[in-house]
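What follows is a short report on a single structure.
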Amino acid sequence: MTITITAFERSPDRGKGLARDMRVRWVLEEVGQPYDVRLLSFRAMKEPAHRALHPFGQIPTYEEGDLVLFESGAIVFHIAERHAGLLPGDANARARAIAWMFAALNTVEPPIVERDVAKILERDTPWYEQRLRLLEDSIRKRLGGLSDRLGDADWLDGAFSAGDLLMVSVLLRLKGSGILDEYANLSAYVARGEARPAYKRAFDAQLAVFTAAWSG
Ligand code: GTB
């Protein structure tokens with residue numbers, strides 16, 4: 001069955017692979033599932049045709065036959081459940097991998113996103129420096145816990161899982177901030193994720209969209 005996902009026609013990250021279609025591309029590459037991509041402008045995302053797929057008018061979405069999904073975490077989970085290799089067979093190990101998926105999206109990602117939003121929307125406010133410090137402290141609290149738990153392991157709980165895929169995706173947004181560099185094991189963890197052939201294929205595919213859109 002053909003799988004179609006949606007992505008930015010012109011990603012504001014200029015090909016850095018930080019928009020959330022990247023994690024969907026990555027999981028599809030991990031399981032060797034071909035997919036089509038429908039590219040959307042910001043305007044098209046808010047039109048009824050797309051809102052019928054995504055209540056909030058955002059990317060990514062996922063279409064597979066009669067099934068339409070939104071929320072990148074739900075899409076990654078759906079794919080990981082239906083293919084071998086991204087969720088352990090053992091029930092307890094599987095539950096722990098799913099817990100890491102939630103941890104990535106519910107506990108680690110929020111302060112990272114809030115920091116990015118503050119950098120865009122609050123830069124000119126009198127409280128900007130203080131707010132940035134508070135958000136960076138929150139991020140460090142999360143990274144400290146994560147770094148302690150990871151230790152010198154390659155992945156969060158045994159073999160690479162959908163939990164690692166989401167956690168690496170979330171941490172990548174800190175690249176260039178200097179914060180990730182304070183945690184050598186987390187920097188190495190992210191680099192291991194980026195070195196995966198499936199990640200590279202996904203990254204190259206979204207970069208090709210950027211190159212085509214911004215060079216024209
Ligand atoms: N919780 C949802 C999910 O995980 O799928 C969040 C989806 C979401 O935030 N989508 C964003 C979107 O459609 C794109 S990924 N925004 C348009 C809108 O809301 O109108 C967020 C994103 C955007 C840009 C960068 N960047 O430039 O670095 C990074 C991440």
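Rounded to whole Å, give me the distance from the Cα center of the stretch 148-216 to that of the stretch 38-90. Value for the Cα centre distance between the two parts: 20 Å. The mean of 1/r over all pairs of different alpha-carbon atoms in the stretch 1-118, once inverted, gives a Kirkwood hydrodynamic radius of 15.3 Å. The calculated 222 nm mean residue ellipticity attributable to helices in the chain amounts to -17000 deg cm²/dmol, summing -39500 (n - 2.57) over DSSP H runs of n ≥ 4 and dividing by all residues. Among the chymotrypsin sites (Phe, Trp or Tyr not before Pro) in the stretch 117-179, those located in a DSSP loop and surrounded by at most 13 other Cβ atoms within 10 Å of their own Cβ are W127. Would you please classify the overall shape of the chain from the alpha carbon gyration tensor, given that a ≥ b ≥ c denote the square roots of the eigenvalues, rounded means a/c under 1.5, and beyond that prolate means a/b larger than b/c while oblate covers the rest? It comes out oblate by the Cα gyration axes. Across the stretch 134-142, rounded Karplus estimates of 3J(HN,Hα) from the backbone phi angles (6.51 cos²θ - 1.76 cosθ + 1.60, θ = phi - 60°) give 5, 5, 5, 5, 4, 4, 4, 4, 5 Hz, Gly and Pro being marked x.
Does the stretch 114-216 come out rounded, prolate or oblate, given a ≥ b ≥ c as the square roots of the eigenvalues of its C-alpha gyration tensor, rounded meaning a/c under 1.5 and, failing that, prolate meaning a/b above b/c? Display every interim value, and only then the final one.
On the way: a/c = 2.83, a/b = 1.11, b/c = 2.56.
Oblate, because a/c is 1.5 or more while a/b does not exceed b/c.
Filter the trypsin sites (Lys or Arg not before Pro) in the stretch 20-53 down to the DSSP loop ones having no more than 14 other Cβ atoms within 10 Å, then list what survives.
Details: sites: R20, R23, R25, R38, R43, K46, R51; in loops: R20, K46.
The qualifying sites are K46.
3J(HN,Hα) couplings calculated from phi for the stretch 66-77 with the Karplus curve 6.51 cos²θ - 1.76 cosθ + 1.60 (θ = phi - 60°) are, in sequence order, 7, 8, 10, 10, 10, 6, 4, x, 5, 5, 4, 4 Hz; Gly and Pro show x.
We did not get these values from a lab; they are worked out from the coordinates using the rules stated. These numbers were taken from a predicted model, which means no experiment stands behind them. When we count neighbours, we look across all protein chains shown, and the Cβ atoms used for this are built from the backbone with ideal geometry, even at glycine.
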